[in-house]
Amino acid sequence: MKYLKFILTGVFFGIVLVKSEAVSWYRIFEMFRFESFHMYGIIGTAVITGIILVQLIKKTNLKSIEGTPIAIPDKNKSITRYLLGGSIFGLGWALAGACPGPMYILVGTGVFSMLIVIAAAVAGTFVYGLLKNKLPH
Amino acid sequence: MEFILDPWPWYVSGPLIAMVMFLLIYFGKTFGMSSNLRTFCAIGGAGKKSDFFNFKWQEQKWNLMVVLGAVIGGFIAHFFLSNPTNIDLNSNTVQILQSFGFENTGKTLLPQEIYGWDAVLSLKGLLILIVGGFLVGFGTRYAGGCTSGHAISGLSNLQIPSLIAVVGFFIGGLIMTHFIIPLIFK
């Protein structure tokens, strides 16, 4: 089953984020108050490990599981969309205490009120799609 | 077994999150959870309203499988791999939340004052969840990614745009935490 590896990766992701407490509203609140190193440690070590892994992929020309070359595309250059969009995202992240990954994971922990947040996030994405061409990027 | 049942330290969790990104790259994909929100719109027929949702969402099924797995992973971790322990929060954080009227801070993953049904079924509580979710969904697509796409994947690939996005995440997060949340709960 070709989707099994993705489901298992998701399971692993969900377990790590719950066990690290990165899915906790309290941890996000504490992070933005600079009162704990915990979240910075998680994101920091994730990025350092990630940089090493991406460099290894590039240096060794690692092939994907299907034998095709791995290409990691660069992000488009801009400032406006990243700064404005990022700030809007940050407002929501701190209020809901969850970014998109944790939203799904928290449903699994039994927080069904999170489905309201997910529905609202889908609505937010939809409205972005409607306004996309009128917004500065 | 205790080291699995207790909360995991940051220096274990961070590298494991990078492994998730690595696995998805190795599978020929990318690590980005917010893209699924766009896929949900496309499945719901949003392509009729905006070209932004006119794409073959079937090609994104793999990412929906990651979402499905994440839900299962959350279930397994919470109900089978966790000792009932309080989150070890800074006492200043607990104090400020107490002053907002939050009780039992850190006893559960999420505050009952926001996610409990009593709160959700009040107009104010419902608005908090809707506004919070909407800003996440709108902002993440505007910025072209969320924590996984920019903060983890983008920074790992040394992308300046992702760094700008993360600065944005913090501008918004700091304004919400220090100025708006105190207004909402005082």
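Descriptive notes on the structure:
- Some residue of region B:89-97 being more than 26 Å from A:V11 (Cα to Cα), at the interface with chain A (Cβ under 7 Å from one of its Cβ atoms) and assigned to a helix (DSSP H, G or I): yes
- Residue within region B:163-172 that is open to solvent by 60 Å² or more (accessible area, probe 1.4 Å), closer than 23 Å to B:T93 by Cα and part of a helix (DSSP H, G or I) present: yes
- Within region B:3-24, the set of residues being more than 7 Å from chain A (Cβ to nearest Cβ) and in contact (Cβ under 8 Å) with a residue 60 or more places away in the chain comprises B:I4, B:L5, B:D6.
- Of all residues in region A:65-72, none are in contact with a His (Cβ under 8 Å, 6 or more places away or on another chain) and either open to solvent by 30 Å² or more (accessible area, probe 1.4 Å) or on the phi < 0 side of the Ramachandran plot (or both).
- Of all positions in region B:25-44, at least one carries a residue that is buried (at least 19 other Cβ atoms within 10 Å of the Cβ), assigned to a loop (DSSP other than H, G, I, E, B), among the small types (G, A, S) and within 7 Å of chain A (Cβ to nearest Cβ).
- When A:P100 is tested against the conditions (1) surrounded by 21 or more Cβ atoms within 10 Å (Cβ to Cβ); (2) within 7 Å of chain B (Cβ to nearest Cβ); (3) in contact (Cβ under 8 Å) with a residue 24 or more places away in the chain, the lone failure is (3).
- A:G90 vs. criteria out of contact with any Cys (no Cβ under 8 Å at 6 or more places or on another chain), closer than 29 Å to B:I175 by Cβ and either open to solvent by 40 Å² or more (accessible area, probe 1.4 Å) or at pLDDT 95 or above (or both): yes
- Output for region A:120-137, where each listed residue is within 7 Å of chain B (Cβ to nearest Cβ) and either open to solvent by 20 Å² or more (accessible area, probe 1.4 Å) or not aromatic (F, W, Y) (or both): A:A120, A:A121, A:V122, A:A123, A:G124, A:T125, A:F126, A:V127, A:G129, A:L130, A:K132, A:L135
- Residues located in region A:23-49, provided they are open to solvent by less than 10 Å² (accessible area, probe 1.4 Å), facing chain B (nearest Cβ under 7 Å) and not acidic (D, E): A:V23, A:S24, A:W25, A:Y26, A:F29, A:F32, A:G41, A:I42, A:A46
- Selection status of A:L56, without any contact (Cβ under 8 Å) to a residue 40 or more places away in the chain and either more than 7 Å from chain B (Cβ to nearest Cβ) or not in a helix (DSSP H, G or I) (or both): yes
- A:G10 being open to solvent by less than 30 Å² (accessible area, probe 1.4 Å), farther than 18 Å from B:M21 by Cβ, part of a helix (DSSP H, G or I) and without any contact (Cβ under 8 Å) to a residue 40 or more places away in the chain: no
The values are calculated or read from the model by the stated rules, or taken from the named source; none is laboratory data. Model, not experiment: these values are computed from the prediction. All Cβ positions, glycine included, derive from the backbone under ideal geometry; neighbour counts span all protein chains shown. Side chains are part of the model used for accessible areas, which takes the heavy atoms of the whole protein and leaves out ligands, DNA and RNA. Shrake-Rupley method; radii C 1.70, N 1.55, O 1.52, S 1.80 Å.
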